[in-house]
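The next block holds one structure in the form of structure tokens; read it before the comments.
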Ligand code: NAD
């Protein structure tokens with residue numbers, strides 16, 4: 001195999017151009033999905049936001065939940081964004097307030113707790129609320145943010161059941177606000193390249209795919225191991241990236257699934273959720289996608305076997321450091337700050353009144369797939385995905 005760095009047709013220049021003018025991978029890869037979020041009502045009924053029509057100012061984002069992802073990734077990314085900035089915080093922990101205020105120059109008037117959060121409706125500095133709480137709390141805070149007249153980003157998974165997704169989508173639609181999911185990899189060049197190679201059939205039809213994402217989980221008391229807060233185990237947390245990878249690489253939605261729970265080597269730690277599981281998603285055209293999610297081992301890959309060879313990411317879902325190969329050699333694509341791109345894209349979508357490429361409907365689709373995988377795992381039967 002030719003191992004030299006190849007110049008992909010989807011070049012650095014083309015990629016940068018695409019990032020600046022379109023909404024990322026969606027138009028390429030999600031043909032079957034209505035990309036217009038229900039929340040993309042341009043009427044902007046609620047006028048609490050200070051964003052004026054055609055206004056090119058940076059939109060203010062308030063982060064809800066100042067945990068590891070908000071503090072380690074999103075706040076630093078918001079120092080690199082062009083179309084939005086960190087304007088406010090919502091936290092239940094008094095000690096975090098001073099640290100965040102001084103580190104990010106956040107005024108007192110933009111600091112909220114979970115009790116007074118709804119009064120954010122009167123704050124014109126906040127255009128977008130970004131919910132970064134444990135999974136089962138996304139629905140409540142997205143709905144409250146929409147009712148406060150704010151555009152909303154929900155972290156993945158969007159919710160722990162499709163009914164909550166429906167309520168979230170409806171609340172944003174009712175408020176005339178946009179809803180987006182924190183699917184950062186839709187703005188990451190190597191994953192975009194997988195989508196291009198797959199949907200454009202550059203190496204012919206995909207015959208099968210595989211993906212795995214996992215890590216050994218530490219603290220046994222954390223919410224990720226509590227079903228009522230997490231919705232489930234590693235499938236909810238990291239397996240969702242494999243599901244996403246299959247969908248954007250193939251450019252279709254799955255129609256059925258089988259699944260198997262892995263062994264529990266630590267039944268105390270994993271009393272509430274699975275330790276690991278494997279699943280097989282069937283896509284139209286008899287494409288089978290084998291996924292694995294684990295809280296016991298390190299996994300991080302996305303592979304497509306096509307008629308003319310295999311293309312893959314051997315380091316697929318991390319915040320940086322993606323690596324990829326094609327039948328023509330390694331991929332060589334730009335490194336970006338995924339979260340900065342993701343948030344800037346949403347801010348641009350709001351400003352330009354265009355749909356987001358990662359809408360609530362996509363979040364709901366994935367929540368439905370996750371539910372089907374759990375049903376297949378519990379019953380041992382093939383479950384159709386409607
Ligand atoms: P975390 O535990 O580090 O932070 C959670 C925050 O929620 C904490 O500040 C905690 O105080 C707060 N909180 C409020 N109410 C809580 C309650 N009842 N129980 C527990 N915590 C409560 O978690 P995290 O890793 O930051 O994950 C938060 C969300 O972000 C999750 O939905 C997760 O799936 C998502 N996430 C996404 C990515 C990504 O790459 N897109 C990466 C990590 C996490």
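Read the figures in this text as sums done on the coordinates, not as results from a lab. From a predicted model like this one, the values you see are computed outputs, not experimental measurements. Heads up, the Cβs are rebuilt from the backbone with ideal geometry, glycines too, and the neighbour counts pull from every protein chain shown.
General remarks:
- Normalising the average separation of contacting C-alpha pairs (under 8 angstrom, six or more residues apart) by the number of residues puts the relative contact order of segment 188-269 at 36 percent.
- Separation of alpha-carbon centers, segment 88-116 and segment 284-362, rounded to whole Å: 33 Å
- Gained length - residue 386 relative to residue 115, 0.36 nm times residue gap less alpha-carbon distance: 93.7 nm
- Helix axis angle, 162-175 relative to the chain longest principal axis, alpha carbon, degrees: 40 degrees
- Stretching the chain fully between residue 286 and residue 201 yields a gain of 29.0 nm (0.36 nm per residue, less the alpha carbon separation).
- For the pair residue 318 and residue 332, label points projected 7 Å from Cα toward Cβ lie 2.1 nm apart.
- Over the chain, Cα pairs under 8 Å with separation of 6+ residues give a relative contact order of 23 percent.
- Cα→Cβ-extended label distance, 7 Å offset, between residue 174 and residue 353, nm: 2.4 nm
- Helix 189-199 axis versus longest C-alpha principal axis of the chain: approximately 50°, rounded to the nearest ten.
- Gain in span if fully extended, residue 98 to residue 57, counting 0.36 nm per residue against the direct Cα distance: 12.1 nm
- With Cα atoms, 0 to 90° folded angle of helix 240-250 axis to the chain main axis: 60 degrees
- Look at 109, 173 and count the other Cβ atoms within 10 Å of each Cβ; fewest to most, that gives 109, 173.
- Peptides 93-105, 286-298, 350-362 ordered by average Cβ neighbours within 10 Å, highest first: 350-362, 286-298, 93-105
- The chain: Cα Rg divided by the 2.2 N^0.38 Å rule of thumb: 0.96
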